[in-house]
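Comments concern the structure below.
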Amino acid sequence: METQTIKNQEKVAKVTERISGSEAIVRCLIAEDVKIIYGYPGGAIMPVYDELYKYQDKIHHVLTRHEQGATHSAQGFARISGKVGVAIATSGPGATNLVTGLADAQIDSTPMVCITGQVASHLLGSDAFQETDIVGISTPVTKWNCQVTRAADIPAALAKAFYIAKSGRPGPVLVDITKDAQFEKFDFCYEKCTKVRSYVPIPKTITGTLEAAAKIINKARKPLIVWGQGIVISEAEAQFKALVEKAGIPAAWTILGASALPTSHPLNVGMLGMHGNYAPNKLTNECDVLIAIGMRFDDRVTGKLDEYACQAKVIHFEIDPAEIDKNVKTDVAVLGDAKATLEAILPLINTNIHKEWHQQFKDLYEIEYEKVIKGDLHPTKEGLTMGEVIKEINIQSKGDAAIVTDVGQHQMIACRYAEFNKTKSNITSGGLGTMGFGLPAAIGAKMAAPDREVVSISGDGGYQMTIQELGTIFQQKAAVKIVVLNNDFLGMVRQWQQMFFEKRYASTEMVNPNFVAIAEGYYIKAKKVTKREELADAVKEMMESKEAYFLEVCVEKEGNVFPMVPSGASVSEIRLA
Amino acid sequence: MNKEKQLFTISVYTENNIGLLNRISAIFQRRHINIESLNISPSEIEEVAKFTIVVNMAEDNVKKIIGQIEKQVEVIKAYYHDLDEIIYQISGLFKIKSELLFEERQIQNIIKESNARIVTVNKEFFVLEKSGKKEEIVALHNQLSDFGIMQYTRSGLIAVTKEEMKISELLETYNN
């Protein structure tokens, strides 16, 4: 007993070491088990880079070609691994270039820690060279942020940053550290943060809500599950599958929820929202109970709110209390982490099949197949479709690849048609819709999961927003497969111009460079496909490549994505053409 | 019933951190909501700050705003109340030429009747302080403005609630 006590005391006793603030930053990262970080050096962060040089056997720093690329790579890393992604940049423009990635991570609940250098504390507010108020700028797009001006505050700030980024509903955090704090020596000691007094990461499930939800679900005759990324973040895939199967309820996904249940699962009835599948959109307005799990009723999912599932009782499983009743009024809110609440509700749920109800989904799928899917996947007319490219990738990957998409038509087509066997396989910019996300995110994903096949799919527009990250792929030898679906248009905007602006194609036509030459300029193997008969072999060659590979597929110029719920329309007004 | 705009006070108990004001005000700014008044002060609990924010909005929207405020990491708890549920005060300061105090009998009557307090008097000016409801301070302002006011300022609303807030108990549960 006595020796036990002594041992415990030894553990608690703080062992300190006198080191610089910049070394402390690197040591904190090591203590948080960070092995890869993405960033770009500059004046105010140079002391940290000097330490990264010393610790390069412990932390691999990936030099991206732009700080925005660093954030998206960190996001891709986080999304495929569930771990916190880390990006680092200098003050001023380095810091402001992080903003898009922060906003993207905030709206898509991605755990990310960004560390920025800042001018020395005595220069704060003096309009010093490369000074910018990044804490002020990043406040609305971070879950938490802070500025550190003393070396002694660095360990606690970073410990808190990692804890907040990862816990509860994850999100991006920014820690801004002045240059003098980086130089200052202090007695270093790192303690992981496990609690912040004012912060409740996982709300308590209110007594009786599980029972109330179960009662409604058991009575339902036409229930529909709509799930989101909450399942993926909480790693509740097994519990979710068990619930879906036991209750026999058709389940549809938001794009960030994709892959949490395999595409081939008989109860997976497809994608929700603006370019989602016909059946789940139509039947949202016919179900008697709508069970939302880990999703936030984004306007792209709901369409016109006044005409969204008004007939249904709504049950909302959610970790963030602010999402309850934010857009859709719920009858029962089950607060908590999805893994725990789904596990708890399972024994209360009756086994069911809902055969007739499920048949309605099948019938509507047949209509969608005839009117849309057949033409997308098995076109007979001239001109390659985006859909048939995705189909070829499915054939080659057997559904095991992680698909990283950018934003636009190709994204919707990829999400609609990609087959996913494994969770955390659909990495895309959902909420913010950040063109340029795909390529750098794919780098992060590949580095976090080197054993997985990672296919980056972009359009010719978004690809050119972060095309410089080909340099990162080359330098890092990241075996990312890069597909550009080139229609020489900003396709989604063009589609809207065609449908809603009488074909006035204002600034949507792209005069594109020789993409193959550009890839080859970065010493990346590259090929261009323009004909249907070349496609299968080219995709096969790309997928079999052991190193990075660039494939440009020239697709029909004015292809459109259907189905479509026009902006502001009800989900039942979904159009097939 | 909850869609009609009315005045609400939002009380936010927070950790006392740099930047939190920015974070909280951004929640209003982003939704294009005007803050009628804002006061930040220590609270009944050591090292816990209290924001008192007055807004004119529909109850449904106030509830959503409360959710967004509570979501901030360093916010301990946020509440909203209508004006009937709180005891509140606003303070007004009036700087007026001293000569008026002696030349205009009417001013002395106004001061007496309004229960305003003279904070200081010197050769050039005197300062009146009046605490109460907004309407009382506005009324006093209207009366005095006929004579000329050198400077006028009004504080944000501060309030205590009729019901118990139980922040200490809440903090106790957080600490355990």
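Since B:N39 meets every condition but one in (1) modelled with pLDDT under 95; (2) in a strand (DSSP E or B), which condition does it not meet?
(1)
Can you pull out the residues in the range B:141-176 that are within 28 Å of B:I96 (Cβ to Cβ), part of a loop (DSSP other than H, G, I, E, B) and in contact (Cβ under 8 Å) with a residue 12 or more places away in the chain?
B:F147, B:G148, B:I149, B:M150, B:S155, B:G156, B:L157
Within the range A:52-79, which residues are part of a helix (DSSP H, G or I) and among the polar types (S, T, N, Q)?
Hits for the range A:52-79 are A:Q68, A:T71, A:S73, A:Q75.
How many residues are of a type in the set (S, T, N, Q) and outside any helix (DSSP H, G or I) if we restrict to the range A:357-389? If you could, list the steps in order and put the result at the bottom.
Taking the range A:357-389 as the starting set, the residues that turn out to be of a type in the set (S, T, N, Q) are A:359-360, A:380, A:385.
With the extra rule that they be outside any helix (DSSP H, G or I), the set shrinks to A:380, A:385.
Final tally of qualifying residues: 2.
Does the range A:44-51 contain any residue that is assigned to a strand (DSSP E or B), within 17 Å of A:V113 (Cα to Cα) and at pLDDT 95 or above?
No: zero hits.
Being over 22 Å from A:E368 (Cβ atoms), more than 21 Å from the chain's Cα centre (by Cα) and of a type in the set (V, I, T) narrows it down to one residue among A:V232, A:V289, A:V269, A:V244; which is it? Outline the logic, then answer.
Working: A:V232 fails: more than 21 Å from the chain's Cα centre (by Cα); A:V269 fails: over 22 Å from A:E368 (Cβ atoms); A:V244 fails: over 22 Å from A:E368 (Cβ atoms).
The match here is A:V289.
Does B:I86 satisfy being within 11 Å of chain A (Cβ to nearest Cβ), closer than 21 Å to B:P42 by Cα and surrounded by 16 or more Cβ atoms within 10 Å (Cβ to Cβ)?
No.
Within the range A:226-246, is even one residue of a type in the set (V, I, T), at pLDDT 95 or above, in contact with a Ser or Thr (Cβ under 7 Å, 6 or more places away or on another chain) and in a loop (DSSP other than H, G, I, E, B)?
Taking every residue of the range A:226-246 in turn, none turns out to be of a type in the set (V, I, T), at pLDDT 95 or above, in contact with a Ser or Thr (Cβ under 7 Å, 6 or more places away or on another chain) and in a loop (DSSP other than H, G, I, E, B).
Select from the range A:198-257 the residues that are of a type in the set (F, W, Y) and within 29 Å of A:Q359 (Cβ to Cβ) and list them in ascending order.
As a first pass, look at the range A:198-257 and keep what is of a type in the set (F, W, Y): A:199, A:227, A:240, A:253.
If the condition is that a residue be of a type in the set (F, W, Y) and within 29 Å of A:Q359 (Cβ to Cβ), then A:W227, A:F240, A:W253 are the ones that fit.
Within the range B:127-140, identify whether any single residue is at pLDDT below 95, among the basic types (K, R), assigned to a helix (DSSP H, G or I) and within 19 Å of the chain's Cα centre (by Cα), and answer yes or no.
yes
I need the helices (runs of 4 or more DSSP H) fully contained in the range A:114-222, keeping only those with at least 1 residues that are within 14 Å of chain B (Cβ to nearest Cβ), under 26 Å from the mean Cα position of the chain (by Cα) and under 25 Å from A:E235 (Cα atoms).
Qualifying helices (runs of 4 or more DSSP H): A:154-166.
Quick check on my filter: what residues within the range A:429-449 are out of contact with any helix residue (DSSP H, G or I) (no Cβ under 6 Å at 6 or more places or on another chain) and part of a loop (DSSP other than H, G, I, E, B)?
Passing the criteria: A:G430, A:G433.
Is it the case that A:K424 is assigned to a loop (DSSP other than H, G, I, E, B) and not aromatic (F, W, Y)? Step through it out loud before you land on a result.
Numbers: assigned to a loop (DSSP other than H, G, I, E, B): yes; not aromatic (F, W, Y): yes.
Taking the combined requirement at face value, the residue satisfies it.
Name the helices (runs of 4 or more DSSP H) wholly within the range A:450-560 that hold at least 3 residues that are closer than 16 Å to A:Q411 by Cα?
A:460-463, A:491-500
Limited to the range B:115-134, what total is found for residues that are farther than 14 Å from B:I149 by Cβ and crowded, with 16+ Cβ neighbours inside 10 Å?
Summing the residues that are farther than 14 Å from B:I149 by Cβ and crowded, with 16+ Cβ neighbours inside 10 Å in the range B:115-134 gives 2.
For A:G491, indicate whether it is closer than 21 Å to A:K381 by Cβ and surrounded by 13 or more Cβ atoms within 10 Å (Cβ to Cβ).
yes
Can you pull out every residue in the range A:373-416 that is closer than 29 Å to A:E286 by Cβ and surrounded by fewer than 22 Cβ atoms within 10 Å (Cβ to Cβ)?
Result: A:I373, A:K374, A:G375, A:D376, A:L377.
Do we find that A:S507 is modelled with pLDDT of 95 or more and buried (at least 24 other Cβ atoms within 10 Å of the Cβ) in this structure? Walk me through how you get there before you give the answer.
Details: modelled with pLDDT of 95 or more: yes; buried (at least 24 other Cβ atoms within 10 Å of the Cβ): no.
In short, no.
Would you mention how many residues in the range A:323-369 are in contact with a Gly (Cβ under 7 Å, 6 or more places away or on another chain) and exposed (fewer than 14 other Cβ atoms within 10 Å of the Cβ)?
Number of matching residues: 1.
Per-residue answers, yes or no, for (1) closer than 17 Å to A:I177 by Cα; (2) among the charged types (D, E, K, R); (3) in the same structural domain as A:I443 (by TED's automatic domain parsing):
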{"position": "A:G82", "(1), (2), (3)": "no, no, no"}
{"position": "A:P93", "(1), (2), (3)": "yes, no, no"}
{"position": "A:T96", "(1), (2), (3)": "yes, no, no"}
{"position": "A:Q118", "(1), (2), (3)": "yes, no, no"}
{"position": "A:D133", "(1), (2), (3)": "yes, yes, no"}
{"position": "A:T139", "(1), (2), (3)": "yes, no, no"}
{"position": "A:Q147", "(1), (2), (3)": "yes, no, no"}
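Tally the residues that are of a type in the set (D, E, K, R), in contact (Cβ under 8 Å) with a residue 24 or more places away in the chain and loosely packed, with under 15 Cβ neighbours inside 10 Å, restricting the search to the range A:523-543.
Summing the residues that are of a type in the set (D, E, K, R), in contact (Cβ under 8 Å) with a residue 24 or more places away in the chain and loosely packed, with under 15 Cβ neighbours inside 10 Å in the range A:523-543 gives 3.
Where the second residue is part of a helix (DSSP H, G or I) and of a type in the set (S, T, N, Q) and the first is more than 8 Å from chain A (Cβ to nearest Cβ) and surrounded by fewer than 17 Cβ atoms within 10 Å (Cβ to Cβ) and lies in the range B:57-74, which pairs have Cβ atoms under 7 Å and are six or more apart or on separate chains?
That search, which allows pairs on different chains as well, returns nothing.
What are the residues in the range A:310-356 that are in contact (Cβ under 8 Å) with a residue 12 or more places away in the chain, in a loop (DSSP other than H, G, I, E, B), under 24 Å from A:I233 (Cβ atoms) and of a type in the set (A, V, I, L, M, F, W, C), if any?
Once the filter is applied, which keeps residues that are in contact (Cβ under 8 Å) with a residue 12 or more places away in the chain, in a loop (DSSP other than H, G, I, E, B), under 24 Å from A:I233 (Cβ atoms) and of a type in the set (A, V, I, L, M, F, W, C), the range A:310-356 yields A:I319, A:V328, A:I349.
Name the residue that is nearest to A:E245 (Cα to Cα), counting only residues in the range A:298-327 that are within 14 Å of chain B (Cβ to nearest Cβ) and touching a Leu at 6+ places or on another chain (Cβ under 8 Å).
So the residue we want is A:E318.
Filter the range B:1-53 down to residues that are among the polar types (S, T, N, Q), surrounded by fewer than 17 Cβ atoms within 10 Å (Cβ to Cβ) and under 15 Å from B:E74 (Cα atoms) and give me whichever is nearest to the other protein chains (Cβ to nearest Cβ).
The extreme case among them is B:N22.
Show the residue pairs meeting these rules: Cβ distance below 8 Å; 6+ apart or different chains; first residue within the range A:553-577 and not assigned by TED's automatic domain parsing to the domain that holds A:N277; second residue of a type in the set (S, T, Y) and in a helix (DSSP H, G or I).
Here the result reads A:P563/A:Y278; A:V571/A:T284; A:V571/A:T302; A:S572/A:T284; A:I574/A:Y278; A:L576/A:Y278, each pair linking the range A:553-577 to a residue that is of a type in the set (S, T, Y) and in a helix (DSSP H, G or I).
Which residue pairs have Cβ atoms under 7 Å apart, sit 6 or more places apart or on different chains, and have a first residue in the range A:391-403 that is assigned by TED's automatic domain parsing to the domain that holds A:A536 and a second that is of a type in the set (V, I, T) and outside any strand (DSSP E or B)?
A:E392/A:V539; A:I393/A:V539; A:Q396/A:V539; A:G399/A:T263; A:A401/A:I393; A:A402/A:I80
Within the group A:K166, A:K185, which residue is touching a residue at least 24 places away in the same chain (Cβ under 8 Å), among the charged types (D, E, K, R) and either surrounded by fewer than 19 Cβ atoms within 10 Å (Cβ to Cβ) or over 19 Å from A:L98 (Cβ atoms) (or both)?
Working: A:K166 fails: either surrounded by fewer than 19 Cβ atoms within 10 Å (Cβ to Cβ) or over 19 Å from A:L98 (Cβ atoms) (or both).
Exactly one of A:K166, A:K185 is touching a residue at least 24 places away in the same chain (Cβ under 8 Å), among the charged types (D, E, K, R) and either surrounded by fewer than 19 Cβ atoms within 10 Å (Cβ to Cβ) or over 19 Å from A:L98 (Cβ atoms) (or both), namely A:K185.
The values are calculated or read from the model by the stated rules, or taken from the named source; none is laboratory data. This structure is a prediction, so every number in the text was calculated from the model and none was measured. All Cβ positions, even for glycine, are placed from backbone atoms using ideal geometry, and neighbour counts span all protein chains on display.
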